[in-house]
Amino acid sequence: MTAPPYVPLSDIDRVLVVVAHPDDVDFGAAGTIATFTEAGLQVTYCLITDGDAGGFDDAVDRTEIPVIRQREQRAAAAAVGVSDLVFLGYPDGRLTVTHELRRDLSRVVRQVRPDRVLTSSPERNYRRIGASHPDHLAAGEAALCAVYPDARNSYAHPELLAVEGLAPWKVREVWQLASPHPNHYVDITDVAERKIAALKCHVSQTPEMDVAEFVRTTFAAQARTAGLPEGRLAEAFHIFGTA
């Protein structure tokens with residue numbers, strides 16, 4: 001199910017994923033990312049927070065959590081063919097849309113020069129409240145601010161150009177995770193095992209979760225919504241152009 005202005009994979013070279021926490025992209029889009037890398041696209045992950053508020057093991061020194069979660073995210077990214085990761089190190093659970101965050105994301109956009117940005121929806125989804133963590137909403141809003149108008153405007157965050165030499169860049173389209181208004185579904189059936197493998201890397205976050213069952217149940221439901229045949233799995237997005 002595709003809605004305009006979806007840009008075909010053949011017209012895309014680079015994708016930037018901007019999410020709040022390590023594991024956000026794997027829960028929402030690891031299957032889709034696997035289809036991107038299999039198609040030869042260059043994918044970069046930008047993780048805004050250090051994930052220090054996550055995890056369930058009280059025996060673990062909390063100061064070690066950011067290191068653990070970064071290691072888990074690198075392994076999960078590798079499972080779907082991604083090796084380029086940027087960690088901004090903002091505190092977990094306290095993310096807000098600041099001028100500094102917009103600048104930092106604009107910097108990453110200008111460095112990566114993506115055709116497509118995949119990020120969280122800034123709209124709360126009342127059908128899936130767990131997906132609408134306040135950090136997710138802030139990450140989605142800040143990413144949209146970076147896409148438009150900041151990263152394309154040479155007069156926004158002028159130090160990026162004047163000091164760092166980063167020219168403005170116009171992203172062509174945005175894909176939003178966990179949107180209350182999905183208009184596109186990606187069939188991930190053939191790459192489901194790679195999504196499962198990615199999620200299993202997040203050991204600190206899923207100690208009692210049957211990851212395979214979660215994937216097969218959750219994304220089968222989305223496939224049915226998309227009108228795909230029984231037995232298929234799909235991830236959902238809200239896609240829009242930036243022209």
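Listed by first and then second residue, the pairs with beta-carbon distance under 6 Å, at least 6 apart or on different chains, first residue in segment 12-33 and outside any loop (DSSP other than H, G, I, E, B), second basic (Lys, Arg), are 15/116; 30/195; 31/195.
Only one of (1) aliphatic (A, V, I, L, M); (2) surrounded by fewer than 17 Cβ atoms within 10 Å (Cβ to Cβ); (3) part of a helix (DSSP H, G or I) is not met by residue 203, so which one is it? Unmet condition: (3). Remark: pairs (first residue in segment 216-227, within 10 Å of residue 185 (Cα to Cα); second residue of a type in the set (Phe, Trp, Tyr); Cβ separation under 6 Å; 6+ apart in sequence or on different chains) = 226/185. Checked against the criterion of being outside any helix (DSSP H, G or I), small (Gly, Ala, Ser) and either buried (at least 17 other Cβ atoms within 10 Å of the Cβ) or in contact with a strand residue (DSSP E or B) (Cβ under 9 Å, 6 or more places away or on another chain) (or both), segment 164-177 has no qualifying residue. Please go through segment 136-171 and give me each residue that is of a type in the set (D, E, K, R) and closer than 30 Å to residue 215 by Cα, ordered by number. Correct list: 141 only. Only a single item in (1) basic (Lys, Arg); (2) over 22 Å from residue 50 (Cβ atoms); (3) assigned to a loop (DSSP other than H, G, I, E, B) is not met by residue 110, and it is number (3). Could you list, in sequence order, the residues of segment 54-102 that are assigned to a loop (DSSP other than H, G, I, E, B), small (Gly, Ala, Ser) and surrounded by 17 or more Cβ atoms within 10 Å (Cβ to Cβ)? Correct list: 54, 55, 81.
Taken together, the residues in segment 144-182 that are in contact with a Ser or Thr (Cβ under 9 Å, 6 or more places away or on another chain), more than 17 Å from residue 237 (Cβ to Cβ), touching a residue at least 24 places away in the same chain (Cβ under 8 Å) and not aromatic (Phe, Trp, Tyr) amount to 11. Looking at 60, 67, 43, just one residue is closer than 29 Å to residue 150 by Cα and either under 13 Å from the mean Cα position of the chain (by Cα) or modelled with pLDDT under 95 (or both), and that residue is 43.
Going by the conditions given, is residue 193 closer than 21 Å to residue 37 by Cα, charged (D, E, K, R) and either free of Cβ contacts under 8 Å to residues at least 40 places away in the same chain or not in a loop (DSSP other than H, G, I, E, B) (or both)? Show your work before the answer.
Numbers: closer than 21 Å to residue 37 by Cα: yes; charged (D, E, K, R): yes; either free of Cβ contacts under 8 Å to residues at least 40 places away in the same chain or not in a loop (DSSP other than H, G, I, E, B) (or both): yes.
Spelling it out, residue 193 is indeed closer than 21 Å to residue 37 by Cα, charged (D, E, K, R) and either free of Cβ contacts under 8 Å to residues at least 40 places away in the same chain or not in a loop (DSSP other than H, G, I, E, B) (or both).
Of all the residues in segment 101-143, those that are within 15 Å of the chain's Cα centre (by Cα) and without any contact (Cβ under 8 Å) to a residue 12 or more places away in the chain number 0.
Would you confirm whether or not segment 15-30 contains a residue that is within 18 Å of the chain's Cα centre (by Cα), closer than 24 Å to residue 232 by Cα, at pLDDT below 95 and not acidic (Asp, Glu)? Give the steps one after another, and end with the answer.
Residues of segment 15-30 that are within 18 Å of the chain's Cα centre (by Cα), as a first pass: 15-30.
When the remaining residues are screened for being closer than 24 Å to residue 232 by Cα, the result is 23-30.
Still in the running and at pLDDT below 95: none.
No, there is no match, as no residue in segment 15-30 is within 18 Å of the chain's Cα centre (by Cα), closer than 24 Å to residue 232 by Cα, at pLDDT below 95 and not acidic (Asp, Glu).
The values are calculated or read from the model by the stated rules, or taken from the named source; none is laboratory data. The model shown is predicted, which means the values in this text are computed figures rather than measured ones. In this analysis, Cβ positions are derived from the backbone assuming ideal geometry, glycine residues included, and neighbour counts consider all displayed protein chains.
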